[in-house]
Amino acid sequence: MLYYLFDYLEKQFQFPGATLFGFLTFRAALAMILSLLISTIYGKRIIRFLQRQQVGETIRDLGLAGQQEKAGTPTMGGVIIILATLIPVLLLAKLENIYIILLIVTTLWMGVIGFIDDYIKKFKNDKEGLKGRFKILGQVGLGIIVGATLFFHSDVTMKEKLPVAEQQILLAENPKVEASKLFKDEIKSTKTTIPFVKGNEFDYADLVTWISPSLGKYAWIIFIVIAILIITAVSNGANLTDGIDGLAAGTSAIIVLTLGIFAWVSGNIIFSDYLNIMYIPRVEEITIYIAAFVGALIGFLWYNTFPAQVFMGDTGSLTIGGIIAVIAIAVRKEWLIPVLCGIFLAENLSVIMQVSWFKYTKKKYGEGRRIFKMSPLHHHYQKSGYHESKIVTRFWIIGILLAILSIVTLKIR
């Protein structure tokens with residue numbers, strides 16, 4: 001809203017300083033500062049409100065050190081992250097931008113699912129919360145919305161670079177030719193980026209057109225299925241990672257900040273030309289959302305680091321995972337998720353391996369056996385005697401290394 005206000009003041013009255021709101025970097029910085037202030041200052045008030053409502057976490061006895069001391073800690077703190085993200089976005093982003101609209105819908109959609117889950121756990125005294133099939137149904141619904149929007153909406157396009165021969169001719173005629181002249185016109189495309197591959201683009205349509213070129217018109221089905229799988233996997237991964245103080249919020253902040261770099265360079269034609277990557281018009285506006293989201297996560301850590309004063313609950317973890325997945329799909333970096341979200345992947349795999357091996361050995365030997373002392377993975381290290389602060393810090397370090405590796409893929413192919 002402030003963006004439109006200052007844009008009007010600049011055009012009508014040449015208001016001093018109004019042009020600053022036209023700069024993406026200025027609005028992103030302001031969004032991060034504002035979200036930090038909201039999450040730290042008003043976060044305390046929300047925590048007190050949750051305490052008054054007796055929205056405390058019920059802790060199951062898993063035999064973990066320091067576990068019972070956390071009983072009664074306010075949960076549903078994901079509301080802090082959601083509010084601290086949405087308020088700066090509504091004030092500073094271009095609200096007609098399809099990517100911003102999609103992220104707002106994602107935040108509210110997943111936030112509602114997580115809130116219902118937390119509400120059932122606390123106020124209905126049901127430790128299982130929202131039934132798994134309903135969570136999956138909600139994630140599938142969001143995947144359909146996201147996939148269909150990104151496939152069919154007219155503003156979701158990309159630009160490919162001209163063939164090398166044509167670029168050389170243009171550069172020979174004018175060495176200072178504008179970067180925009182080296183790209184073709186905007187097109188609708190189902191192409192995405194494959195990391196560590198020389199020809200690093202892959203078209204989802206190829207999954208059906210190899211059978212018959214006429215099947216290309218059904219590529220939207222493939223794209224929507226991919227969106228559903230990614231959103232479901234990442235949101236569940238974030239949910240499983242939220243098990244000890246500061247782990248999910250800190251890891252997610254690293255991931256989202258990295259995606260912010262991808263969004264910025266992919267939406268800037270000069271950087272896209274220099275890095276020889278896919279140019280996606282209008283996607284740079286996501287940077288505003290990401291800046292606000294990172295600020296909200298860091299501000300939430302103020303109260304969530306050990307010993308936590310508040311837990312995010314499924315209200316926060318499912319929302320975080322959904323947002324990360326949608327950003328990755330929008331900037332066409334979804335195949336980087338196994339690397340960038342390596343912590344989420346490890347947590348997911350540890351649960352799958354543990355459950356599968358237990359069931360297999362119980363059926364074969366009559367007694368279930370375990371691979372890990374406990375899953376998800378962070379609980380295995382707790383059982384091994386590591387303090388949770390050390391576990392969190394080391395997971396953050398691994399997350400930073402994975403983020404650097406992901407950024408390096410811009411040039412390593």
So what J values fall out for segment 291-300 if you push phi through Karplus, 6.51 cos²θ - 1.76 cosθ + 1.60 with θ = phi - 60°, rounded to Hz, Gly and Pro as x? 4, 5, 5, 5, x, 5, 5, 5, x, 5
By accessible area of protein heavy atoms, probe 1.4 Å, what ranking do R133, R332, R282 get, highest first? R133, R282, R332
Between F183 and residues 5 or more places away or on another chain, which pairs have amide H atoms under 5 Å apart, with H built 1.01 Å from N, and which residues are they? L162
Skipping prolines and chain starts, which residues have an amide H placed within reach, meaning under 5 Å, of the one on E201, given they are 5 or more residues away or on another chain? I194
Table column - 3J(HN,Hα) (Hz), segment 133-145, Karplus curve with 6.51, -1.76, 1.60, x for Gly and Pro: 5, 6, 4, 4, 4, x, 5, 5, x, 5, x, 5, 4
How many times 2.2 N^0.38 Å is the alpha carbon radius of gyration of segment 358-413? 1.71
In nm, spacing of pseudo-spin labels at K191 and E128 (7 Å Cα→C-beta vector): 4.8
Could you report the accessible area of D206 in Å², rounded to 10, computed with a 1.4 Å probe on the protein chains as they sit in the structure? 80
Once label points are set 7 Å from the Cα along Cα→Cβ at both L171 and F13, what is their separation, rounded to one decimal in nm? 4.9
Let me see the pair-distance distribution of segment 308-413: every alpha carbon pair, 10 Å bin width, integer percents in order. 13, 32, 34, 18, 3, 0
If you roll a 1.4 angstrom probe over the protein chains with everything in place, what fraction of the accessible area of the chain belongs to carbon and sulfur, to the nearest %? 65
Which residues' amide hydrogens lie under 5 Å from the amide hydrogen of Y279, considering only partners 5 or more residues apart or on another chain, with H built in the peptide plane? K159
From the phi angles alone, apply the Karplus equation (6.51, -1.76, 1.60; θ = phi - 60°) to segment 167-176 and give each ³J(HN,Hα) in whole Hz, x where the residue is Gly or Pro. 4, 5, 5, 4, 5, 5, 6, 8, x, 9
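Divide the volume of the convex hull of the Cα atoms of segment 167-317 by its number of residues and quote the answer in cubic angstrom per residue. Let's see the in-between values first.
Values: hull volume 23.4 nm³, N = 151.
Cα-based convex hull of segment 167-317, divided per residue, equals 155 Å³.
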If one builds a Gaussian network model of the chain from Cα atoms under 10 Å apart, the most fluctuating residue listed among F202, F300, F262 is F202
Which value in nm describes the separation of the simple spin-label points at E178 and F23, placed 7 Å from the Cα toward the beta carbon? 2.2
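Give me the 1.4 Å probe accessible area per residue for the chain, excluding ligands and nucleic acids, in Å². Present the calculation step by step, with values, prior to reporting the outcome.
Details: 19920 Å² over 413 residues.
Value for the chain: 48 Å² per residue.
How much mean residue ellipticity at 222 nm does the chain get from its helices, if each DSSP H run of length 4 or more adds -39500 (n - 2.57) and you divide by all residues, to the nearest 500 deg cm²/dmol? Intermediate results must be reported in sequence, preceding the final value.
Numbers: 17 runs with 255 residues, N = 413.
Helix-only estimate at 222 nm: -20000 deg cm²/dmol.
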Report, in whole Å, the centroid distance computed from the Cα atoms of segment 152-170 and segment 213-228. 22
Using a 1.4 Å probe on heavy atoms of the protein chains only, the accessible area for M353 in Å², nearest 10, reads 80
If the chain between M1 and F49 were fully extended at 0.36 nm per residue, the gain over the current Cα-Cα distance would be 14.4 nm
Considering only protein heavy atoms, what is the solvent-accessible area of W335 at a probe of 1.4 Å, reported in Å² to the nearest 10? 110
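The values are calculated or read from the model by the stated rules, or taken from the named source; none is laboratory data. All values reported here derive from a predicted model rather than from experimental measurement. As a convention, Cβ positions derive from the backbone with ideal geometry for all residues, glycine included, and neighbour counts pool all protein chains shown. All accessible areas refer to the heavy atoms of the entire protein, side chains included, with ligands and DNA or RNA removed. Shrake-Rupley method; radii C 1.70, N 1.55, O 1.52, S 1.80 Å.
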